[in-house]
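The next block holds one structure in the form of structure tokens; read it before the comments.
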Amino acid sequence: MSAPEPAPSALSMSPIPLIEGAAIDGMAAYRALVDEARRDPEAFWARLAREHLDWKQPFTRTLDSSHAPFFKWFDDGLLNASYNCLDRHLENGGASRTAIVFEADGGELTTLTYGELHARVCRVANALRARGVRRGDRVMIYLPMSIEGVVAMQACARIGAPHSVVFGGFSAKSLHERMADVGACVLITADEQVRGGRHLPLKTIADEALAMGCGDTVHTVIVYRRTGGAIPWHAGRDVWLHELEATQSATCEPEWVDAEHPLFILYTSGSTGTPKGVQHSTGGYLLWAALTMKWTFDIRASDVFWCTADIGWITGHSYICYGPTAAGATQMIFEGVPTWPNAGRFWQMIERHKVSIFYTAPTAIRSLMKAAQADPDVHPARYDLGSLRLLGTVGEPINPEAWRWFAAQVGGGRCPVLDTFWQTETGGHMIAPLPGVTPLVPGSCTLPLPGIEAAIVDETGRDVPDGHGGLLVIKRPWPSMLRTVWGNPARYRAGYFPEELGGKLYLAGDGAIRDSESGYFTITGRVDDVLNVSGHRMGTAEIESALAAHPQVAEAAVVGRPDATTGEAIVAFVVLKGPCPLDGDAQRVADELRTWIGREIGPIAKPREIRFGEAMPKTRSGKIVRRLLRSVAKGEAIEQDTSTVENPAVIAQFSKAA
Ligand code: PRX
């Protein structure tokens, strides 16, 4: 953990006008909320939790800090997440309101009202109960982007069974590890996933994962028939989703759970070790998902909301499955990829469905910008994007050039661009512009949301002056924060509330800088060994241990290199057990290692480049000198002091890509 260098502080405001009549209307209204939260944080959060969630039994305690940093919020209140996302919207004609418009890879549409969504969720919830799933049992979900994905998650929530969703791009081994760690009893998957015209065999991968040793805990595999393609089948264990649904009632009494009951466990990468199961609560998490839909997205009845994330990531949890439904909104869900059949797909879909709020990742914006610059046919100017009123980005820093292009070419200079900073662990937005409040600055996520006490500190936990880079921390607990790392409370405490900072500050793991005039935050990137490639979070340690597991590999080190499109690119340095491979042979071994990583973790973790050397550059005490490898990966001339490196000659070897 090291604090980043200070960055220049001159921020230039964008001329994009604010939205009038927004949920938080004007800077004075924002300041009033910030002040209310500072004066009496518990009263502030209690008021919001009463106003924004329906409680079966009201809570009387707002925050229990007696076992900090294991905080409890609203813990004697009873509620159900699925009830709050579905049932409460059904009255007064709400049942016929559109909940989801689903566009398949090939363009086919399916529309579902809140009434229909409620019925499907109830049927699947009843089916899970019929298969013996009870409150607290964990259900694994390995599904493509689909209505069924949302139905499965909501069905789990309805019966108080925490779900754990694994992104469809992860390998059998990754799925197996997560399934074993969480101790799942049911797996919900699909026969195949369809993306960019290609079919991917999800059920086959799921079976492989089960064969690795979860067979004794997972007693049921529920399969959504997406394509009807041929798949392996285990009679007795495997059941079709549509067959289960057909036999079940369309009503289902929700399981009323206390607010602290885990809603889900979502695995994410840390700087060391295996991925950790980030555990979220029901009450606090849902409050923030619902509230940020209102505060950040200013969601209205007339909106068509579209978040392009996958349900396998936190963004898909908070801003597809839970936030939009808790807000009773109409949303788009898309199965495919932005570049198929061509790079105009997103713009065509915004035009077709009159999307008004569009939330996506900087990597997608950068690649579509490049495509549009090369081919006028896929330029946003070719499409009618007049329905848009708000744009949002998430997952990685957005460079000012991409921000400006997005604002001008997609938003027509009318739509605020909301650069939302948050994490799997924070449950929802932490630092983000509000469309009726915050003058925008390209590249800055601007101000913390009311109630979020973001600050920047040095390595001892002391505040740094504005204009100086430091570590981003959150000083007070907030309702949607993670509750623990599943099965590993020590890792939660040590990782997020480190003793070096005094044990009381939530450490985000990102560097940040605050502008002295505006108070705006700019995120400067991770300060630990976590990489962000196309907005996908990956630990260098995970990729290194996957490489080291290959029979030919003696040692491996992985670093990130800045990349104009994907934010960062993975560069791996490898020492083989045998001799260092030469030219053509190096290429062959590198390809083999890439395929290996695809199988060990998933295609998203494949290194962009693999370089070979005879030994790792190490200090005399045996530590790999990563700062040197980072420079080598960037192609920089090595001007750093290498006197502490025991074997500086290997640096020249590593300077050549395979
Ligand atoms: O480094 C930050 C980056 O993504 C990390 C969190 O990744 P994950 O848990 O996968 O959640 C991504 C979606 C919320 C952060 O630690 N990050 C996320 N949003 C931004 C960002 N970096 C800069 N600007 C952002 N808006």
Convex hull volume per residue in cubic angstrom - Cα atoms of the chain: 159
Sites E243 and D583 - FRET efficiency at Förster radius 51 Å, r taken between beta-carbons, to 0.05: 0.35
Proximal aspartates and glutamates to K577, defined as alpha-carbon separation beneath 12 angstrom and excluding residues fewer than eight positions away on the same chain: E555, E614
Only Lys, Arg (+1) and Asp, Glu (-1) charged, at Cβ; the stretch 534-654 dipole about Cα centre in debye: 260
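Hey, if we sort K203, K276, K618 by accessible area with the 1.4 Å probe, largest down, what's the order?
K618, K276, K203
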Two-site FRET efficiency, A235 against T595, from Cβ-Cβ distance with R₀ of 30 Å, rounded to 0.05: 0.35
Simple spin-label estimate for D375 and E614 in nanometres, 7 Å along Cα-Cβ: 4.8
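Averaged per residue, what accessible surface does the chain expose to a 1.4 Å probe, in Å²?
So the chain comes to 37 Å² accessible per residue, rounded to a whole number.
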Zone of R300's modelled label, taken as backbone nitrogen in the stretch 329-370 under 13 Å from a point 7 Å along Cα→Cβ: 356-357
Heavy-atom accessible surface of the chain: percent carbon and sulfur, 1.4 Å: 51
Residue-level accessible surface for R237, protein heavy atoms, 1.4 Å, Å²: 50
Dipole of the chain [Lys/Arg +1, Asp/Glu -1 at C-beta], most positive-end residue of M179, A125, I333: A125
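Shape call for the stretch 534-654 from the C-alpha gyration tensor, a ≥ b ≥ c root eigenvalues: rounded (a/c under 1.5), prolate (a/b greater than b/c) or oblate?
oblate
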The chain - share of DSSP beta bridges that are antiparallel (%, nearest 5): 60
Cut-off 11 Å (backbone N to label point 7 Å along Cα→Cβ of E253), residues of the stretch 56-92: none
Cross-link table K276/K504; K294/K370; K203/K294; K203/K656; K72/K606; K72/K623, entries beyond 31 Å C-alpha to C-alpha: K294/K370; K203/K294; K203/K656; K72/K606; K72/K623
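Quote to one decimal, in nm, the extra length available between R39 and R630 on full extension: 0.36 nm per residue of separation minus the C-alpha distance between them.
Contour length minus Cα-Cα distance gives 208.2 nm.
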Dipole axis of the stretch 534-654 (+1 Lys, Arg; -1 Asp, Glu on Cβ), positive-most option in T644, G613, V632: T644
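The values are calculated or read from the model by the stated rules, or taken from the named source; none is laboratory data. Note that the coordinates shown come from a computational prediction; the quantities given were computed from them, not determined experimentally. Please note: Cβ atoms are built from the backbone with ideal geometry, for glycine as well, and neighbour counts cover all protein chains shown. Note: accessible area is taken over every heavy atom of the protein model, side chains too, but ligands, DNA and RNA are not part of it. Shrake-Rupley method; radii C 1.70, N 1.55, O 1.52, S 1.80 Å.
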